[in-house]
Amino acid sequence: MADEIKQEQPTPIDPNNPPAPIAEQADKSVRELRETPVDDPAQAQVEAVLNKPVEAIEDAANQLDRATKPQTPAESLAPAHNRSETHIFGRVIPYPLYTVVFFTLGVITIIEVVIAEVFPEGLFKTIPLVVLSLAKAVMVVMFYMHLKEDSRIFAFTLILPLLIALVSALFLLSVPITGY
């Protein structure tokens, strides 16, 4: 039975006599081949129906080519933080991303100083300061540490220890001061 199943071996190529190059199927483009007249009216009608989806795709591609502004490879591959404008909430800000983040962090810091000086001690002072500090920390981690563009595993390795620390702090707060 093993003799009956015979695998064909590829024909070895003679280095002294290489095979002839593959001839082109046609010298015309696909569009030219599609536009050649057909003698049979039934075949012409079938080809006209079959050409409609192809023509629709060609028209859409041509319309897209006309609508888009050509970019150099450097412009299309440039990350968002290297561009000279920033898009935030649907608005265009004519400054680079890092400049916008820097000034946002500065404004949040000024707000924190004002809250620390104006409000009396208590929850109305502590809660806004904690929220603003967390917002600043998230912005620094996302933009200056590039966590926004990196793999999600890095975010997980940052968040997991913070969650463990939070659970530990909550446990320590729940233990009575005098002990068990």
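Throughout, read-outs are computed from the coordinates displayed, never taken from laboratory work. Just so it is clear, the model here is predicted, and its values are computed rather than measured. Note that each Cβ is placed from the backbone with ideal geometry, even for glycine, and that neighbours are counted across all protein chains shown.
Over all other residues within a Cβ to Cβ distance under 12 Å of Leu105, the charged ones net out to 0, with Lys and Arg as +1 and Asp and Glu as -1. In this structure the amide hydrogen of Thr86, modeled in the peptide plane, comes within under 5 Å of the amide hydrogens of Ile93, Tyr95, none closer than 5 places in sequence on its chain.
Note that the range 129-134 has calculated 3J(HN,Hα) couplings of 5, 5, 5, 5, 5, 5 Hz, one per residue in order, obtained from phi through the Karplus relation 6.51 cos²θ - 1.76 cosθ + 1.60 (θ = phi - 60°); glycine and proline are x. Of the GluC sites (Glu not before Pro) found in the range 84-144, those in coil by DSSP whose Cβ has at most 12 other Cβ atoms within 10 Å are Glu85, Glu121.
The Lys148 and Ile111 beta-carbon pair, evaluated with R₀ = 22 Å, returns a calculated FRET efficiency of approximately 0.45. Diffusion coefficient of the range 77-174 by Stokes-Einstein, Kirkwood radius over Cα pairs, 20 °C, 1.002 mPa s: 134 µm²/s.
Extension gain for the segment Asn62 to Glu121, taken as residue separation times 0.36 nm less the Cα-Cα distance, is 14.7 nm to one decimal. Sequence-distant contacts, meaning Cα pairs under 8 Å at least 6 residues apart, place the relative contact order of the range 77-174 at 15 percent. Taking 0.36 nm per residue of sequence separation and removing the Cα-Cα distance, the Asn16/Leu163 pair yields an extension gain of 45.8 nm.
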